[in-house]
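Asker: Right, I'll just put the structure down here and ask away after.
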Amino acid sequence: MGDLKKSVYEANISLWKNKLVYGTQGNVSGFDRDRKIIFIKPSGIPYENLKKEMIVSVDLEGKVIKSKSNPSVDTIHHLFLYKNIPDIGGVCHTHSKFITVFSIIKIDIPVLTTAHADIFGKKIPVSEYVDNSQDNIGKTFIKQYNKTKCPVVILGNHGLFSIGKNPEESAFYAMMAEYCAETSFYAMILGKIFNKEILPIEDSEIKKWFDRYHSERYGQTK
Ligand SMILES: [Zn+2]
């Protein structure tokens with residue numbers, strides 16, 4: 001395994017560079033399943049001041065291991081997802097702008113583009129509002145995830161959580177979900193203005209794009 005602390009640091013910075021986070025909000029973590037250690041953004045540190053050394057390591061109970069900073073206040077939700085979803089190695093949380101709009105209107109983001117079909121192959125679900133006490137957020141994510149298998153779940157009146165095989169992938173899903181939210185938002189608004197019905201891509205076509213993107217044939221041979 002490479003330098004997971006560095007991956008977590010870089011994935012957090014990628015949220016900031018892609019304008020998916022504001023102030024000190026948002027966070028990415030990574031899980032070393034062999035050593036049972038989670039690396040996560042420290043609480044209350046602005047991204048411009050974030051350094052790799054500040055990334056906090058905690059055990060599965062949330063106990064800090066040799067770090068001066070406190071971990072993100074959202075650590076409890078990350079831990080719940082690692083404990084309850086096998087094989088994931090990254091979790092990301094953002095309040096990015098267009099995702100938040102969908103979290104308010106509580107409409108699942110429909111598959112309107114091939115880019116959305118490629119990455120997710122399904123609607124991005126929105127849950128009801130839940131407060132942040134105990135396991136509420138984690139349980140709500142898993143309920144939606146079990147129903148849809150979508151690696152991104154939008155929490156009502158809040159923002160998104162995403163999961164991936166590593167921190168980079170969870171942050172990538174957060175970025176692509178924001179892209180889908182923004183394009184869908186404008187299309188839906190313009191559809192209203194021009195009185196044009198906005199229809200999702202047909203299911204069989206969505207599957208075709210998704211399968212191609214997730215097949216061995218896509219990208220460069222390693
Ligand atoms: Zn939040």
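The values are calculated or read from the model by the stated rules, or taken from the named source; none is laboratory data. Predicted, not measured: the structure shown is a model, and the values here were computed from it. Glycine gets a Cβ as well: all are built from the backbone with ideal geometry, and neighbour counts include every protein chain shown.
Asker: Picking from F172, F120, F161, which residue would you name as being buried (at least 19 other Cβ atoms within 10 Å of the Cβ), within 13 Å of the ligand (Cβ to nearest atom) and not aliphatic (A, V, I, L, M)? Before the answer, list the steps.
Answerer: Working: F172 fails: within 13 Å of the ligand (Cβ to nearest atom); F120 fails: within 13 Å of the ligand (Cβ to nearest atom).
Checking each option against the conditions leaves just F161.
Asker: Restricting attention to segment 14-38, report how many residues are without any contact (Cβ under 8 Å) to a residue 40 or more places away in the chain and either buried (at least 16 other Cβ atoms within 10 Å of the Cβ) or within 16 Å of the ligand (Cβ to nearest atom) (or both).
Answerer: Count: 4.
Asker: Output the number of the condition that D87 fails; it satisfies all remaining conditions of (1) surrounded by 15 or more Cβ atoms within 10 Å (Cβ to Cβ); (2) touching a residue at least 40 places away in the same chain (Cβ under 8 Å).
Answerer: Every condition holds for D87 apart from (1).
Asker: Can you tell me which residue is farthest from the chain's Cα centre (by Cα) among those in segment 85-113 that are small (G, A, S) and more than 15 Å from the ligand (Cβ to nearest atom)?
Answerer: For segment 85-113, the residue satisfying everything is G89.
Asker: Going by the conditions given, is Y213 closer than 20 Å to I40 by Cβ, touching a residue at least 12 places away in the same chain (Cβ under 8 Å) and of a type in the set (F, W, Y)?
Answerer: Numbers: closer than 20 Å to I40 by Cβ: no; touching a residue at least 12 places away in the same chain (Cβ under 8 Å): yes; of a type in the set (F, W, Y): yes.
Here the answer is no, as Y213 does not meet what is asked.
Asker: Out of K52, K66, which single residue is surrounded by fewer than 24 Cβ atoms within 10 Å (Cβ to Cβ), away from the ligand (no atom under 16 Å from the Cβ) and at pLDDT below 95? Don't jump to the end; show me each part of the working.
Answerer: On the way: K52 fails: at pLDDT below 95.
On inspection, the qualifying residue turns out to be K66.
Asker: Given the criterion more than 22 Å from K5 (Cβ to Cβ) and polar (S, T, N, Q), identify the matching residue among T75, T148.
Answerer: Residue meeting the stated conditions: T148.
Asker: Please count how many residues of segment 175-194 are more than 16 Å from V21 (Cα to Cα) and either within 16 Å of the ligand (Cβ to nearest atom) or without any contact (Cβ under 8 Å) to a residue 12 or more places away in the chain (or both).
Answerer: Summing the residues that are more than 16 Å from V21 (Cα to Cα) and either within 16 Å of the ligand (Cβ to nearest atom) or without any contact (Cβ under 8 Å) to a residue 12 or more places away in the chain (or both) in segment 175-194 gives 8.
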